[in-house]
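Visitor: Below is the structure I would like to discuss, written out as structure tokens.
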Amino acid sequence: MTKDKSVRKDDPANAAPFSSSDDSASGSSPTSSDDDKRTVTVTSSSEDGHGPPGPPSPPSGSSPSDSSSESDAAARKRPATPTKRKERLEKADRIKVIPPANSRFETLLDYRTYFLIRRQLTYTPKEAQRSHCLNKRLDGAFHGQQPFTGALPLGIFTFSTTFRRACDAAGLTHGQALPLMVCRLAGTAKMAFSGALIGTLGRKSYAIRTYGDAVNWLLSKYATHATMANAYQDIIKIKQQDNEAPTAFGHRVETQCDLLNGLFDIQDVKEVFITGLLDLVQAHVLVLNDQFPDRTLSETVATAQMY
């Protein structure tokens with residue numbers, strides 16, 4: 001009986017299932033592993049048309065450590081990709097807007113009204129060297145206009161508007177426009193502005209550091225509440241003198257309204273002109289104005305000149 005059991009145990013038909021299950025359970029079967037390797041080798045050789053590949057040989061005269069050191073050296077020699085510097089823009093809410101005494105003056109006293117299209121603050125030494133050339137670009141817009149001296153305080157509105165248009169036309173930035181602003185001032189205004197550029201304000205290094213600071217400083221110095229109120233009253237109460245021709249009166253009305261640049265549109269100027277005419281002339285002009293309300297200021301002045 002013992003001999004039969006040993007024979008059955010050694011029988012290949014009975015041993016195969018036993019060894020297969022044992023190998024799968026242990027996860028390692030050297031027989032199947034060798035078979036897989038042979039299968040891969042045969043397949044690759046049949047596909048290539050060559051014999052079994054030998055072990056890879058390292059390049060002559062080099063080692064893995066040498067190649068890695070060469071790649072590190074090449075990486076160190078390779079220049080780093082330059083990163084684009086983010087340009088600083090002047091913020092629109094960095095400083096407080098001058099509070100107007102009259103809501104009609106709100107836009108005029110807001111320094112942001114005179115901001116340029118390009119608000120970059122950068123001003124490089126190279127740009128400083130060619131500031132004279134940059135200033136020449138503004139000549140066209142200022143042609144026929146005198147530099148702002150401060151003698152006529154409300155002329156600051158015309159100056160600020162003209163300077164903004166000139167800089168935008170020349171493609172200048174806030175950083176480029178700030179040093180050029182002093183070139184368009186004269187007299188006491190230039191002296192006061194230059195002093196503010198190098199002066200101190202509290203703990204700040206400079207009273208004027210940016211283009212927005214400069215505009216706000218000029219507005220607060222020359223467009224005071226009292227000056228604005230007086231100018232507005234002078235406009236709405238303006239009257240034609242007895243010996244004054246309607247054309248001369250019309251020119252005086254336009255000049256006075258231009259002091260508050262942009263505050264009065266053309267229809268407002270026409271109303272101021274009609275209201276200030278002498279009573280007899282005013283009566284005739286009002287009749288025609290009611291019939292033709294779209295008449296221009298020049299046509300209205302020409303009508304008044306007839307009487």
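None of the figures in this text is laboratory data; all of them are computed from the coordinates on show. Note that the coordinates shown come from a computational prediction; the quantities given were computed from them, not determined experimentally. Here the Cβ positions follow ideal geometry from the backbone for every residue, glycine too, while neighbour counts run over all protein chains shown.
Visitor: Would you pull out the residues with amide H under 5 Å of residue 278's amide H, same chain only if 5 or more places away, H placed 1.01 Å from N?
Guide: For residue 278, the qualifying residues are 240.
Visitor: Please list the non-local residues whose amide H lies under 5 Å from the amide H of residue 148, H modeled 1.01 Å from N, same-chain partners needing a gap of 5 or more.
Guide: The list, which skips near neighbours in sequence, is 186.
Visitor: A 21 angstrom limit on the alpha carbon distance is what I want to check against. Which of 190/221; 91/190; 126/221 exceed it? Working shown, then result.
Guide: Values: 190/221 13 Å; 91/190 26 Å; 126/221 32 Å.
91/190; 126/221, as the Cα separations exceed 21 Å there.
Visitor: Quick check on packing: order 90-96, 168-174, 125-131 by the mean number of other C-beta atoms within 10 Å, highest mean leading.
Guide: 168-174, 90-96, 125-131
Visitor: Continuing with this model, one more query. Work out from phi, with θ = phi - 60° and the Karplus expression 6.51 cos²θ - 1.76 cosθ + 1.60, the ³J(HN,Hα) of each residue of the stretch 169-177, listed in order in whole Hz, and give x for Gly and Pro.
Guide: So the Karplus estimates, Gly and Pro as x, are 5, 8, x, 7, 9, 4, x, 7, 6 Hz.
Visitor: In debye, nearest 20: dipole of the stretch 138-259 around its Cα centre with unit charges on the Cβ of K, R (+) and D, E (-)?
Guide: Details: 11 positive and 8 negative charges, 112 e Å.
Dipole about the Cα centre, nearest 20: 540 debye.
Visitor: Something else: Please work out the Cα center distance from the stretch 244-307 to the stretch 144-158, rounded to the nearest Å.
Guide: Cα centroid of the stretch 244-307 versus Cα centroid of the stretch 144-158: 25 Å apart.
Visitor: Students often check this: by mean Cβ neighbours within 10 Å, which of 103-113, 211-221 ranks highest, and how do the rest follow?
Guide: Highest mean packing first, the order is 211-221, 103-113.
Visitor: Moving on. For the stretch 208-215, in order, what is each residue's ³J(HN,Hα) by Karplus, 6.51 cos²θ - 1.76 cosθ + 1.60 with θ = phi - 60°, in whole Hz (x at glycine and Pro)?
Guide: With coefficients 6.51, -1.76 and 1.60, one gets 10, 10, 10, 4, x, 4, 5, 5 Hz.
Visitor: When only Cα pairs under 8 Å and 6 or more residues apart are kept, what is the percent relative contact order across the stretch 238-305? Don't jump to the answer; show the numbers that get you there.
Guide: Working: 52 pairs, mean separation 27.7, N = 68.
Here the relative contact order equals 41 percent.
Visitor: May I ask you to evaluate 6.51 cos²θ - 1.76 cosθ + 1.60, the Karplus curve with θ = phi - 60°, for each residue of the stretch 289-297 and list the ³J(HN,Hα) values in order in whole Hz, giving x for glycine and proline?
Guide: 5, 5, 6, 10, x, 8, 5, 7, 5
Visitor: Using the Cβ atoms and a cut-off under 14 Å, what net charge is assigned to the surroundings of residue 132, where Lys and Arg are +1 and Asp and Glu are -1?
Guide: Counting the neighbours of residue 132, the net charge comes to +3.
Visitor: If each residue's Cβ is checked for other Cβ atoms within 10 Å, how do 183, 133 rank with the fewest at the top? Show your work: numbers first, answer last.
Guide: Details: 183 15, 133 9.
Going from least to most buried by this count: 133, 183.
Visitor: Would you tally the net charge around residue 275, using a Cβ to Cβ cut-off of less than 10 Å, leaving residue 275 out, and scoring K and R as +1, D and E as -1?
Guide: For residues surrounding residue 275, the net value is +2.
Visitor: Search the structure for amide H atoms under 5 Å from the amide H of residue 223, placed 1.01 Å from N in the peptide plane, and list their residues when 5 or more places away or on another chain.
Guide: none
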